[in-house]
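To start, the structure itself, in structure tokens.
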Amino acid sequence: MSFHRMWAQLLPVGRDAGTGGYRRYAWTGADADCRAWFEEQARARGLAHETDRNGNQWAWLGDPAAGDAVVTGSHLDSVPDGGAFDGPLGVVSAFAALDALRDRGARPTRPLGIVNFGDEEGARFGLACVGSRLTAGQLTREQAHRLTDGEGITLPEAMEAAGYDPDAIGPDPERLARIGAFVELHVEQGRALDLSGDPVGIASAIWPHGRWRYDFRGEANHAGTTRLADRRDPMLPYAETVLAARREAQLAGAVATFGKISVEPNGVNAIPSLVRGWLDSRAADQAALDTVTAAVEKAARDHAAAHGVDLDVVRESFTPEVGFDHALRDELGRILARDTGHRVPVLGTGAGHDAGILSASIPTAMLFVRNPTGVSHSPAESAAEDDCVAGVIALADVLEGLACR
Ligand code: HGY
Ligand code: MN
Ligand code: MN
């Protein structure tokens, strides 16, 4: 199966030798190397390759202008020191599934597309799913142009440096109108399949989730000579807010994480002037998420006031609850039950995906491949080779069932 060769080719791209994690951030050299790999796979298969106005890459078998295309794929970018599977498993499996269809002699009666969505993780500019949001009209050009990375480089500057036109970005309804179904294969970011003993599952829903930036502004001063009573130390309310987030999430059966922080001036012997922390929170429904985020913000404001510290809270990214298309979900269930001889589990997830963004515009579905530890967004992320092969076969079955009637 071609999966193993492609996997081996992609594996070293953007990998940090020290941590073993991936640093494939939008519009960087590693991103360009991933894009080159994608184009090479498309051309090697005689597929028409294109990069759209938003930097998403497409490989086509058949003319998409015919409409009602079946598209599969995912993303190749990563979180900082992310794992090898989150994103790439869906793209490599897409090409391998197409190869399997050809080996079977299957003849598609609908255009078949493979996509690499740009900047799904938002690791550099802070907003998730930039490529698919732009295409789906959920992010305007003006909003995208305001995105800035940790070095102060704007998204337009980064795109231009990578050879792309930032003024071309924007909604692409014509492209989406040509797609009849999008199916994204993704490594499971949890242990449901490990616990159920299934190699492959089908997605039911994505929890609502978002990212909020908390700016605690205090007063820089000498760590050694400033009396405790005279301090306006922003690190204190930040620390108390981290604990409050954990407590509120626990109470609501949700999750909340402060996983990223930046401190100014960030000196060992200086009381900070600014502590900037990013909250990621998710819950099974919007009401629970609202309860958590409101309670965390209230706690943060109370703690900030108690320390004479100012606080600004900005929502930087948000994705509402996604319920995948029921007809497509059930069609995948029928196809896989027929081909595997047993019912494939249907499961929800707290992880965001491009399929979730596109679900507002076109029928979308997801296939999950078992992750034996459930660990993701970490170099320790893994999936067994047999399960990756089972995922390719399941995706080939789905593509054949949907596009080769
Ligand atoms: O954050 C997420 O859920 C996804 O990995 N972008
Ligand atoms: Mn991810
Ligand atoms: Mn992903």
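The values are calculated or read from the model by the stated rules, or taken from the named source; none is laboratory data. In this text the structure is predicted, and so the values were computed from the model without any measurement. Using ideal geometry, Cβ is built from the backbone for each residue, glycine included, and neighbour counts are taken over all protein chains shown. Please note that ligands, DNA and RNA were not included when accessible areas were found on the heavy atoms of the full protein model with its side chains. Shrake-Rupley method; radii C 1.70, N 1.55, O 1.52, S 1.80 Å.
Brief remarks on what is shown
- Only one entry of G218, G197 meets the criterion of being touching a residue at least 12 places away in the same chain (Cβ under 8 Å) and of a type in the set (G, A, S), and that entry is G218.
- Filtered residues of the range 131-175 (kept if among the β-branched types (V, I, T) and open to solvent by 10 Å² or more (accessible area, probe 1.4 Å)): T140, T148, I153, T154
- Taking the numbered list (1) in contact with a Lys or Arg (Cβ under 7 Å, 6 or more places away or on another chain); (2) more than 16 Å from ligand 2 (Cβ to nearest atom); (3) open to solvent by less than 50 Å² (accessible area, probe 1.4 Å); (4) in contact (Cβ under 8 Å) with a residue 60 or more places away in the chain in turn, S317 passes all entries but (2).
- Subset of the range 174-194 that is touching a residue at least 40 places away in the same chain (Cβ under 8 Å) and part of a helix (DSSP H, G or I) - its residue that is farthest from ligand 2 (Cβ to nearest atom): A177
- Filtered residues of the range 349-382 (kept if farther than 30 Å from D68 by Cβ and either of a type in the set (S, T, Y) or away from ligand 1 (no atom under 12 Å from the Cβ) (or both)): R370, N371, P372, T373, G374, V375, S376, S378, P379, A380, S382
- Just one of the listed residues (G118, G55, G73) is out of contact with any Leu (no Cβ under 8 Å at 6 or more places or on another chain), within 16 Å of ligand 3 (Cβ to nearest atom), among the small types (G, A, S) and more than 13 Å from E184 (Cα to Cα), namely G118.
- Only one entry of G83, G126, G90 meets the criterion of being within 13 Å of ligand 1 (Cβ to nearest atom) and open to solvent by 10 Å² or more (accessible area, probe 1.4 Å), and that entry is G126.
- Of residues in the range 322-333 being in contact (Cβ under 8 Å) with a residue 40 or more places away in the chain and part of a helix (DSSP H, G or I), the one nearest to ligand 1 (Cβ to nearest atom): R329
- Residue selected from the range 180-211 under the condition touching a Gly at 6+ places or on another chain (Cβ under 8 Å) and charged (D, E, K, R), by the criterion nearest to G113 (Cα to Cα): E184
- Boolean, A327 is of a type in the set (A, V, I, L, M, F, W, C), away from ligand 2 (no atom under 16 Å from the Cβ) and open to solvent by 60 Å² or more (accessible area, probe 1.4 Å): yes
- Residue count for the range 1-38 under the criterion of being over 15 Å from N116 (Cα atoms) and assigned to a loop (DSSP other than H, G, I, E, B): the result is 13.
- When residues of the range 235-286 are limited to those that are hydroxyl-bearing (S, T, Y) and closer than 25 Å to G323 by Cβ, the one farthest from ligand 3 (Cβ to nearest atom): S281
- Of all residues in the range 348-383, those that are in a helix (DSSP H, G or I) and either out of contact with any His (no Cβ under 9 Å at 6 or more places or on another chain) or open to solvent by 30 Å² or more (accessible area, probe 1.4 Å) (or both) total 3.
- Look at (1) more than 16 Å from ligand 1 (Cβ to nearest atom); (2) touching a strand residue (DSSP E or B) at 6+ places or on another chain (Cβ under 6 Å); (3) within 22 Å of D63 (Cβ to Cβ) and you find that F117 fails only one, number (1).
- Of everything in the range 243-272 that is part of a loop (DSSP other than H, G, I, E, B) and not polar (S, T, N, Q), the residue that is nearest to V313 (Cα to Cα) is P272.
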